[in-house]
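Okay, so here's the structure we're looking at.
Since every read-out is calculated from the coordinates, none of them should be taken as a lab result. Keep in mind that this is a model prediction, so the values were computed, not measured. Ideal geometry is used to build each Cβ from the backbone, glycine not excepted, and the neighbour counts take in all protein chains shown.
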Amino acid sequence: MYFARTGDQVPYHIYLTKPIDKPDLKGLKIRIAPIYREFFQTLGASVVQTAPGEVYTALERGVVDGYGWPVLGLFDMGWQNVTKYRVDPGFYVMELGIQFNKNAWEKLSPEQKAFLEKQRDWLEQMSLEKSVKDVERDLKRQAEAGIQPITFSEADTKAFLQESLDKGWDGVLKASPQHGAKLRELMVSP
């Protein structure tokens, strides 16, 4: 049972060692996570899947030309030292959901459920406020570290974001055609 959402409003970005002037990653090797593999491949990237702990060395040695990552966490990994560009806008948003075993939830008393729901409401609000502040702080730190934003034309930006959504949902629908379609219906406004 989906119970709470944290980490909201933290977008993923493409970070690069070389500039691009349109949403085209042809000729670039990009470190990926499975969730955006198809999206990056559609943009023409050669994709490489590595553990996060290997990204710094892969960038330093030219094994990859960039990576996808949430706006937060670059400084924790030291990646600002080997990153020159960030593609704006971000795509997707980080999801750190909390799930509850439905059978365990049903065994709780109404008072226990009410207490946990009150805590959930506090957590979601606090997390949202913190995420917004953290994103603002890290974007400022990235600028101070010399990471330059790359922006596209309005038409290219619209196509870039639409492609990210289409490829994201393609993966969900491929994994579960029946449930994926229902999930998309519930989550995407017409």
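With respect to the conditions (1) touching a strand residue (DSSP E or B) at 6+ places or on another chain (Cβ under 8 Å); (2) not in a loop (DSSP other than H, G, I, E, B), N103 lacks only one, and its number is (1). Here R86 clears all of (1) among the charged types (D, E, K, R); (2) closer than 14 Å to V135 by Cβ; (3) assigned to a helix (DSSP H, G or I) except the condition numbered (3). Out of V47, V63, V87, V55, one residue alone is exposed (fewer than 15 other Cβ atoms within 10 Å of the Cβ) and out of contact with any Asp or Glu (no Cβ under 7 Å at 6 or more places or on another chain). It is V63.
Scanning region 71-92 for residues that are in contact with a Gly (Cβ under 8 Å, 6 or more places away or on another chain) and within 28 Å of Q125 (Cβ to Cβ) gives V71, Y92.
Given the structure, is F75 within 30 Å of K22 (Cβ to Cβ), touching a Lys or Arg at 6+ places or on another chain (Cβ under 7 Å), surrounded by 13 or more Cβ atoms within 10 Å (Cβ to Cβ) and not polar (S, T, N, Q)? Yes; evaluated as a whole, the condition is true for this residue.
Quick check, is S127 polar (S, T, N, Q) and closer than 14 Å to D8 by Cβ? It is true that S127 is polar (S, T, N, Q) and closer than 14 Å to D8 by Cβ.
Of the helices (runs of 4 or more DSSP H) lying entirely inside region 26-83, the ones with 1 or more residues being among the basic types (K, R) and within 16 Å of the chain's Cα centre (by Cα) are found at 37-42. Every condition in (1) closer than 25 Å to P19 by Cβ; (2) out of contact with any Leu (no Cβ under 7 Å at 6 or more places or on another chain); (3) surrounded by 11 or more Cβ atoms within 10 Å (Cβ to Cβ); (4) not acidic (D, E) is met by K140 except one, and the failing one is (3). Taking the criterion of being exposed (fewer than 13 other Cβ atoms within 10 Å of the Cβ) and of a type outside the set (A, V, I, L, M), the residues of region 114-136 that qualify are F115, E117, K118, Q119, D121, W122, Q125, E129, K133, E136.
Quick grid of which residues meet (1) aliphatic (A, V, I, L, M); (2) within 30 Å of N81 (Cβ to Cβ):
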| position | (1), (2) |
| --- | --- |
| W105 | no, no |
| F115 | no, no |
| K130 | no, yes |
| A143 | yes, yes |
| Q148 | no, yes |
| T151 | no, yes |
| D156 | no, yes |
| A159 | yes, no |
| R184 | no, no |
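Regarding R86, is this residue of a type in the set (K, R), out of contact with any Leu (no Cβ under 7 Å at 6 or more places or on another chain) and under 22 Å from F39 (Cβ atoms)? Taking the combined requirement at face value, the residue satisfies it.
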